[in-house]
């Protein structure tokens, strides 16, 4: 899990939206309070990370938010522990076929940040743009994170909480993958797109059947914790990131083996929900 430092009052492009409140995306955050590190929620109009502490809702800054990790690379290099997002089938001189792992990458291009793919032996990050494949030698590669997984995607109805990786015309790109006759390719999709845009055989291809990269949530109830829950904070005991539907909104908070519920700092107090989901590694 990667965290980004935040000071409030802003949109964090790489942060993963995991809830919704007053029609605004909520981000999972954590901050130091007392002798522990507490988990809470942040949105664009907050000045800090809102946590439940001592039965009250408090705002703390500075803080960190949940975000994927992107690592700088150049000229075809692929950092260790990169996320294997697909495969490419290539004909060999022998007439046999082989499978080359493909990794999600992103690169600055013409005023935006494009999301694409890279494999061993490539010259850089390749992505579809204007109907053709573009390769940029300076890029970032998405690192593997056990709390991320792939789910089916639907054009114009993207799953809330999808992992964002780039921008174009002020609209976020999300990390997706799709298959064609040449393999399974990482790519990009935005809410206005008809599908997942991938670079394939020198062209830009838009696939209407695709998968999205999202956080992995496991249902819990009445204090139960899955054995695969991801520790993200501490207060005498390890704290885990949870989310729950409260008063018609999806809120973000904390849970441990002693709390017995998902605790969310909101409305000036600390609200507990017996039904919730917990961020998990599998």
Enumeration of residues in segment 150-192 that are under 15 Å from the mean Cα position of the chain (by Cα) and closer than 14 Å to residue 13 by Cα: 161, 162, 163, 164, 165, 166, 167, 172, 173, 174, 175, 190
Would you mention how many residues in segment 203-227 are in contact with a strand residue (DSSP E or B) (Cβ under 7 Å, 6 or more places away or on another chain) and assigned to a loop (DSSP other than H, G, I, E, B)? 4
Of the numbered conditions (1) buried (at least 24 other Cβ atoms within 10 Å of the Cβ); (2) part of a loop (DSSP other than H, G, I, E, B), residue 176 fails exactly one; give the number of that condition. (2)
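Residues checked against (1) surrounded by fewer than 18 Cβ atoms within 10 Å (Cβ to Cβ); (2) at pLDDT below 95:
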{"position": "85", "(1), (2)": "no, yes"}
{"position": "94", "(1), (2)": "yes, yes"}
{"position": "102", "(1), (2)": "no, no"}
{"position": "115", "(1), (2)": "no, no"}
{"position": "128", "(1), (2)": "no, no"}
{"position": "140", "(1), (2)": "no, no"}
{"position": "153", "(1), (2)": "no, no"}
{"position": "159", "(1), (2)": "yes, yes"}
{"position": "166", "(1), (2)": "no, yes"}
Residue 55 vs. criteria crowded, with 18+ Cβ neighbours inside 10 Å, in contact with a strand residue (DSSP E or B) (Cβ under 7 Å, 6 or more places away or on another chain) and touching a residue at least 12 places away in the same chain (Cβ under 8 Å): no
I'd like to check which strands (runs of 3 or more DSSP E) are fully inside segment 1-62 and have at least 2 residues that are within 17 Å of the chain's Cα centre (by Cα) and modelled with pLDDT under 90. 2-6
Report, by residue number, each residue of segment 32-47 that is surrounded by fewer than 24 Cβ atoms within 10 Å (Cβ to Cβ) and within 16 Å of residue 270 (Cβ to Cβ). 33, 34, 36
Just checking, how many residues over segment 197-218 are under 19 Å from residue 165 (Cα atoms), surrounded by 19 or more Cβ atoms within 10 Å (Cβ to Cβ), in contact (Cβ under 8 Å) with a residue 40 or more places away in the chain and more than 16 Å from the chain's Cα centre (by Cα)? 5
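The values are calculated or read from the model by the stated rules, or taken from the named source; none is laboratory data. This is a predicted model, so every value here is computed, not measured. Using ideal geometry, Cβ is built from the backbone for each residue, glycine included, and neighbour counts are taken over all protein chains shown.
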